[in-house]
Structure formats: structure tokens, C-alpha cells
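Heads up: the structure comes next, in C-alpha cells.
The values are calculated or read from the model by the stated rules, or taken from the named source; none is laboratory data. Not measured: the values here are computed from a predicted model. Positions of Cβ are generated from backbone atoms using ideal geometry, with glycine treated the same way; all protein chains shown enter the neighbour counts.
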Amino acid sequence: MRTLLFPVGQVTGYTVDDWLKLPEAGERIELIDGSFVISPLPTALHALCAGRLRTILSAAAGPEGLVAVERVGVQVVADGFLPDVAVLPRDLVLERADVFLASEAAAVAEVVSPGPGNRRRDYEIKPPKYAKAGIEVFIRVEIEGADIPQVEVLELGPDGYETVSRAKAGEMLTLTKPFPVSFDPAELLEA
């Protein structure tokens, strides 16, 4: 992870407008607390899990008028995030291919990449910001350690996100929001 210019807390930090003007660079550039944070392209395992999760969620989302998409921008108040998967209204996705407002996202998912900066973002920085912006469901996929992948589903409660479901490979995970779906996290490793 690299951070560009204007550290957090400086008045001269970047804005969402600056983030929206960035060219596609082949890297993931997010805006967090006024700083651009650049992550390299995901590993193959990360990409496989994100792609399979998108497929599983999309198959379940159809009747609800929602669709799961990968690597789209989501404006979360003054931040610009690129969740690995976002569940959005199908009509909005078909209308445009740019950044969506947090209020338009029914759910977001992050696949935790190796490295302390990535773990901190996916456990400490992004979840409270997603919750404060009102995104109802946050899904976190762990791809390091034993019994991977492990998936945790958090739903918005009165004090932020609360874990409502957790499963590792070989177990069943069930989501009720934004639509019902059950799957074994091991399915995220299938080609």
C-alpha cells in the first residue's frame, strides 16, 4: 500500500472530486480521509474469491432488482472506496458505469488481502465508514489462515455493524439481507 501526498488531517487533502478525475491506472486508488491510497492489483486467489462471491450474490439477487458487481467506485461521504463486490440496483448499473453513492449500495464486500495495511483498512477503517453511510450489509472474506476462505456477514445495527453470520470452508453461511442466499465459503475457491 502506498499513500500519496497530503497525509490525513491536512486541510489541503484530496476530495471526492479529485478522486473522480483520476485516470484508470491499473491499480486500485481509493480516497481515505483526504489521502489517495494505492493498492496493487489483487492476487489471483483474491480475484477468484471476489469473482465467485459476485457470481453467487448475483444469482440470488435477480428477483430483488439488484445485481452484484466487482470493482466499482462507491462514494462514502467524503471517501471514495472500491469494494471488491457491491450489490446495487440493476437499473442504476445499467444507466451508468461510474461511482455510486453509499445510499445506493445494498451491500458491500471486501476480500482481505495480505499485509497489515490491507487488514487495517478492511477491519478498522472501512467498516465504520460504510456503517455510518448507512450501507445495510458488510461482507468480509478472509483468505489467509486455516479453513479458508472464511466469510463474515455484518448487518447495520444501532451502534454500527454487528456480526450476524460467520462460516468457514465446509460450513454453510446464510444471508437474509439484502436478499436470502446460503452457500459454503469453499465455493469461493471453485473455478
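The single condition among (1) part of a loop (DSSP other than H, G, I, E, B); (2) modelled with pLDDT of 95 or more; (3) not aromatic (Phe, Trp, Tyr) that Val87 does not satisfy is (1).
Rundown of residues vs (1) surrounded by fewer than 16 Cβ atoms within 10 Å (Cβ to Cβ); (2) under 18 Å from Leu22 (Cβ atoms); (3) under 15 Å from the mean Cα position of the chain (by Cα); (4) among the aromatic types (Phe, Trp, Tyr), yes/no style:
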site: His46; (1), (2), (3), (4): no, no, yes, no
site: Val69; (1), (2), (3), (4): no, no, yes, no
site: Ala78; (1), (2), (3), (4): yes, yes, no, no
site: Phe81; (1), (2), (3), (4): no, yes, yes, yes
site: Val87; (1), (2), (3), (4): no, no, yes, no
site: Leu92; (1), (2), (3), (4): yes, no, no, no
site: Arg96; (1), (2), (3), (4): yes, yes, no, no
site: Asn118; (1), (2), (3), (4): no, no, yes, no
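Being over 16 Å from Gln75 (Cβ atoms), surrounded by 16 or more Cβ atoms within 10 Å (Cβ to Cβ), over 14 Å from the mean Cα position of the chain (by Cα) and not acidic (Asp, Glu) narrows it down to one of Pro149, Pro127, so name that one.
Numbers: Pro127 fails: over 14 Å from the mean Cα position of the chain (by Cα).
On inspection, the qualifying residue turns out to be Pro149.
Within segment 23-47, residues that are over 19 Å from Ala191 (Cα atoms) and among the small types (Gly, Ala, Ser) have Cβ atoms under 7 Å from residues that are part of a strand (DSSP E or B) and at pLDDT below 85 in these pairs: Ser35/Thr3; Ser35/Leu4; Ser39/Arg28, counting only partners at least 6 apart in sequence or on another chain. Restricted to segment 2-36, and to residues there that are polar (S, T, N, Q) and not in a loop (DSSP other than H, G, I, E, B), the residue that is modelled with the highest pLDDT is Ser35.
Between Ala109, Ala146, Ala105, the distinction of being out of contact with any Phe, Trp or Tyr (no Cβ under 7 Å at 6 or more places or on another chain), aliphatic (A, V, I, L, M) and touching a residue at least 40 places away in the same chain (Cβ under 8 Å) belongs to Ala109 only.
Considering only segment 90-123, state which residues are of a type in the set (Asp, Glu) and at pLDDT 95 or above.
Kept after step one, since they are of a type in the set (Asp, Glu), are these residues of segment 90-123: 91, 95, 98, 104, 110, 122.
Listed by number, the residues that qualify are Glu104, Glu110.
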